Amino acid sequence: MCFLPKNKLWIIGTGVLIITLFYFYADNNTNNTSKEFLVKMFSDFKSDNPAFPFTFEYPPDEWVLSETSGRREVYDEVYLRGKPDSGGEFAPSISIFVRPNEMGKTAEDLLSDQLRMEGGLPEFEILKRETISINKQKVSLVTFQHETRVPLDAIDGRMVVIKVRMLFFINGEKSYQVVTRTSAEQAVRIFEVFEHILKTFKFIN
């Protein structure tokens, strides 16, 4: 039988320990980001529309992206539609609304106004309010939930819980609203994409 010298055994043991600790750290320190999400392929959003002078990353294999403009209300919107939930009745969305800030309101004012409107929805409840950075600004990101009937036009449809994350910020004379809406069933996965969009969002000089 062949025995390794103690110094070599110590080196091998140390190497195994370091590798084990690395994988343990990677599993537990990814800001709750799933392993599946970490290997997604992302594309950069860039538009020829001057209303959208920004870029961000999103996974194009799961989201259909479109650009729209309001008719009655003045706004421009980047709209991403995801795959429906298991019931096929509610598709998640992520929107970036760009509006003229004619009243000169702060981001907090705009968020408060929107929450007052959303507050009339069935079983409305604010779940979390946190401060994050976007466009070099500290802004409030709010997570709330409410119930809605699906399919949306069905009188006898079933009620489902919808989770929403939303923030506002100001850039020049424009206000920006970034919001995602998803069924509670898909919330973890959809919120990961939403957070990645916020993290990679930047204006193009």
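Where a number appears in this text, it was derived from the coordinates with a stated rule and is not lab data. What you see is a predicted model; the values in this text were computed from it and never measured. Virtual Cβ from ideal backbone geometry, glycine too; neighbours counted across all protein chains shown.
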Only residues that are outside any loop (DSSP other than H, G, I, E, B), in contact (Cβ under 8 Å) with a residue 12 or more places away in the chain and of a type outside the set (D, E, K, R): list them for region 109-135, please.
110, 111, 114, 115, 126, 127, 132, 134
Evaluate region 153-164: report whether one residue or more is in contact (Cβ under 8 Å) with a residue 40 or more places away in the chain, of a type outside the set (D, E, K, R) and within 19 Å of residue 114 (Cβ to Cβ).
yes
Restricting attention to region 105-123, does a residue exist that is under 25 Å from residue 44 (Cβ atoms), surrounded by fewer than 16 Cβ atoms within 10 Å (Cβ to Cβ), out of contact with any strand residue (DSSP E or B) (no Cβ under 7 Å at 6 or more places or on another chain) and of a type in the set (A, V, I, L, M, F, W, C)?
no
Selection count, region 145-170, where residues are of a type outside the set (Lys, Arg) and in contact with a Pro (Cβ under 9 Å, 6 or more places away or on another chain)
5
Looking at 138, 163 in this structure, which one is out of contact with any Asp or Glu (no Cβ under 7 Å at 6 or more places or on another chain), basic (Lys, Arg), loosely packed, with under 13 Cβ neighbours inside 10 Å and assigned to a strand (DSSP E or B)?
138
Consider residue 79 against the criteria (1) of a type outside the set (S, T, N, Q); (2) in a loop (DSSP other than H, G, I, E, B); (3) under 15 Å from residue 197 (Cβ atoms); (4) free of Cβ contacts under 8 Å to residues at least 60 places away in the same chain: it satisfies all of them except one. Which criterion is unmet?
(2)
Does region 75-93 contain any residue that is farther than 26 Å from residue 149 by Cα and either within 21 Å of the chain's Cα centre (by Cα) or surrounded by fewer than 18 Cβ atoms within 10 Å (Cβ to Cβ) (or both)?
yes
